[in-house]
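Have a look at the structure below, then the notes.
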Amino acid sequence: MSVLVVGAGPAGLTAAVTVARYGLPVLLVERRPDTTSLPRATAVSTRTMELFRSWGIEDRVRAAGPDVTWQARVARNLTAPEGFVADVGFPTRDQALEVSPTWPACVPQDALEQILLEHLRGFPNVRIHQATEVTDLYDGPDGTVLARLRDRRTDAGRTVAAAYVVGADGPRSVVREAAGIGTEGPGVLADYSSTMFHAPLWDHLGEHRYGIYPVTDPDVSGVLLPAGGDRWVYGRETDGRDGTAALLRAATGVADLRPRITREARFRFTVRLARRYRTGRMFLAGDAAHQITPRGGTGMNTAIHDGHDLGWKLAWVLLGWAGPRLLDTYEAERRPVGLRNAERSMQPDGSYRPTTSELPNDLGGRVQHAWLDRDGTRVSTLDLLGLRGTLLVGPRHPRVEPGPDTHRLDAATADLLGIEQAGSLLLHPDGRPAAARELLLQEAGAGDLRR
């Protein structure tokens, strides 16, 4: 029986890839005929890049965006000589490499979705139906969910059965409505506009390149974001003006700039959180579960981590490797993260946070990174994580047969990871200790958004 994933944004694509890696059948439906055509989010966090590394697509993802340091350069305009650099919660490359085998990337969401979709197409156990929407969901026989689908090009309808449904279908989620799950939170905070344009701005910025450029001149205040090549996005609170060339010249400080404007869009800073992440066999992920403003750059990463967490847990239950209670940990773990990141994004200074406080939140309690030698190859402890889970044992642990899921550590590494010399540590596929997850089943709920 397949897992039905509704929505081919970052959360849905990640969930689909994660389930597909276990050899289980996946049906992905997306109401759009293609992935997004907008850059949208560009911040790809350290933990997200660790996931992509485990899938073998890290280099391809990184190559799809500019090589920047994930800090903000704040100045009167883009090229003003006076200004300062501020932390936005993401580590520099050197900071990340102290705790991880990889580091954050700057990749526009439209490019990232295409990479994830192409990766997903490589699994023979996956069916993808674009321009297809879910019109109804209801309980079927034998513990299944029946979904009524409609092809938006031909208007043809059909019904499919699934063992579980992942609702990653955005703020107006059909799955959330069918599951009877309400939302809470302040809703719309402000109206913004974004102008997508092409211009050779890197020529004016020197060797130091950053992931975000806040502009403080009151007449053109907003942010400029690199979105790959010579493509940029200028975002600002809506004031009735379109993103004209004159406005872009003022925001960039390049008097003779001749930008090629390709799109002007309106969007809203909105904060909402689903009251629950699950009803029966229907689960929510990404924007269907939480709307987070762009402040802090956590929205897309939160969605991707939702998809991965839910995906491996569904696979384990379907394969009989764990009981259904494992699925109770999805909401217990992910809703507090959605709540925290949504609350941060509500705050006017939510874009600025020290790396020391934000990086541990991004890594999410996974096992500590350390470099090891395996048959002459340098690997990270994170590279040892397997689909079935991983057992790390100290050098004096009672004899166990080494294998793809069991790894004996040297004394120094065991000590670094807090494993006794004759002890062991059982890890789930996300790198979190299995014992800690068992404790979650006994803990209380996540709380509510401030109103």
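Values in this text are rule-based calculations from the coordinates and carry no lab data. Please read all numbers here as calculations on a predicted model, not as lab measurements. Here the Cβ is made from the backbone with ideal geometry for all residues, glycine too, and neighbour counts use every protein chain on show.
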Which net charge results when you count Lys and Arg as +1 and Asp and Glu as -1 among the other residues whose beta-carbon is under 12 Å from that of Ala285? 0
Two-site label geometry, Thr244 and His208: point separation in nm, points 7 Å out along Cα→Cβ: 3.4
Given a Förster radius of 41 Å and the C-beta distance between Ala435 and Gln347 as r, what FRET efficiency does 1/(1 + (r/R0)^6) yield to the nearest 0.05? 0.75
Which residues in region 1-33 have a backbone N closer than 13 Å to a point placed 7 Å from the Cα of Arg172 along the Cα-to-Cβ line? 31-32
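Work out, step by step, the length gained on full extension between Glu82 and Val99: first 0.36 nm times the residue separation, then minus their alpha carbon distance; give nm to one decimal.
Gain on stretching Glu82 to Val99: 2.8 nm.
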If each part is reduced to its alpha-carbon centroid, region 113-165 and region 415-437 end up apart, in Å, by 37
Inter-probe distance in nm under a simple model that places probes 7 Å from Cα toward Cβ, at Glu184 and Glu264: 4.0
Summed side-chain charge close to Val5 - residues other than Val5 whose Cβ falls under 10 Å, Lys, Arg +1, Asp, Glu -1: -2
Per DSSP loop assignment and a cutoff of at most 13 other beta carbons within 10 Å, the chain keeps its longest run without exposed GluC sites (Glu not before Pro) at 208-419
